[in-house]
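The values are calculated or read from the model by the stated rules, or taken from the named source; none is laboratory data. Just so you know, these numbers come straight off a predicted model, no measurement behind them. Virtual Cβ from ideal backbone geometry, glycine too; neighbours counted across all protein chains shown. In case anyone asks, the SASA skips ligands and DNA or RNA and just uses the protein heavy atoms, side chains included. Shrake-Rupley method; radii C 1.70, N 1.55, O 1.52, S 1.80 Å.
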Amino acid sequence: MNMKRLFLAIVAGFIVIFATDYLIHGLWLMPDYEATKSLWRPEAEMHSRFYWMILAQIICAVTFVIIWAKGAVGGSVGNGIGFGLLIGLFQQIWAIVDYVVIPMPGELAAKWFFSGLGQAVLLGIVTALVYKPKTVPVM
């Protein structure tokens, strides 16, 4: 594994996750959250647990990039898209499960599902562009 590229890809992945989470949840879905306010913790309580969100985003970036580095064949952007799509499908099952167990609108669950899928594909693209496997010199 190319440790320098691995670290850079993890940092880039975290930035992608943090930024897109803000755009998705802090801006785009805010009206949906306001309309379903009774389902969520009060805003002050959520803010007091923000460090858990950061930790979750770091774990996501680290896990995504390490799995990519261990198994990505070729490392092309196309592979990054495919990898992101598969990991995104795997990860977004929680949106479907939450729809079943939380009395929330189906539209919100669908927005979570598809925005998370897009986020994972973007993460795959960024990871493919930043992480390059260590090349072995040919003798």
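The conditions of being in contact with a Cys (Cβ under 9 Å, 6 or more places away or on another chain) and among the hydrophobic types (A, V, I, L, M, F, W, C) are met by I17.
Which members of region 105-135 meet the condition of being without any contact (Cβ under 8 Å) to a residue 60 or more places away in the chain and either touching a strand residue (DSSP E or B) at 6+ places or on another chain (Cβ under 6 Å) or in a loop (DSSP other than H, G, I, E, B) (or both)? If the condition is that a residue be without any contact (Cβ under 8 Å) to a residue 60 or more places away in the chain and either touching a strand residue (DSSP E or B) at 6+ places or on another chain (Cβ under 6 Å) or in a loop (DSSP other than H, G, I, E, B) (or both), then T135 is the only one that fits.
Does region 105-136 hold any residues that are hydroxyl-bearing (S, T, Y), open to solvent by 40 Å² or more (accessible area, probe 1.4 Å) and closer than 19 Å to D21 by Cβ, and which are they? Show your work before the answer.
Pass one, region 105-136, residues hydroxyl-bearing (S, T, Y): 115, 127, 131, 135.
Then drop every residue that is not open to solvent by 40 Å² or more (accessible area, probe 1.4 Å), which leaves 135.
Across region 105-136, there are no qualifying residues.
Candidates in region 70-104 are the residues that are in contact with a helix residue (DSSP H, G or I) (Cβ under 8 Å, 6 or more places away or on another chain), open to solvent by 60 Å² or more (accessible area, probe 1.4 Å) and not in a helix (DSSP H, G or I); of these, the one that is nearest to V16 (Cα to Cα) is V73.
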